[in-house]
Amino acid sequence: MTEADLQRLRTIIEAHIAETRSSLPYLAEESKAVEPNVSLGCGKDIPMGRLEVVPEAFVCVECASRPR
Ligand SMILES: [Zn+2]
């Protein structure tokens, strides 16, 4: 594995960590039932394309980028 490969992996892993972190405040709210493919932030469907990139996504892109 080259240095460039490692850098690429690091970027991907960091993106996943950021994704999980942005979902945590929503998961902490016990009152909300976790439905697959539905954003915990706004209740809208999470696009399939997003779930393919980040399967651990519990919120849509808008909610993930909105600070809580
Ligand atoms: Zn949302």
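The values are calculated or read from the model by the stated rules, or taken from the named source; none is laboratory data. The model shown is predicted, which means the values in this text are computed figures rather than measured ones. Glycine gets a Cβ as well: all are built from the backbone with ideal geometry, and neighbour counts include every protein chain shown.
Quick look at the numbers
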read-out	value
Of all residues in region 45-62 being exposed (fewer than 13 other Cβ atoms within 10 Å of the Cβ) and in a loop (DSSP other than H, G, I, E, B), the one that is nearest to the ligand (Cβ to nearest atom)	Glu56
Qualifying residue in region 3-14 (condition: out of contact with any helix residue (DSSP H, G or I) (no Cβ under 8 Å at 6 or more places or on another chain), at pLDDT 90 or above and within 16 Å of the ligand (Cβ to nearest atom))	no
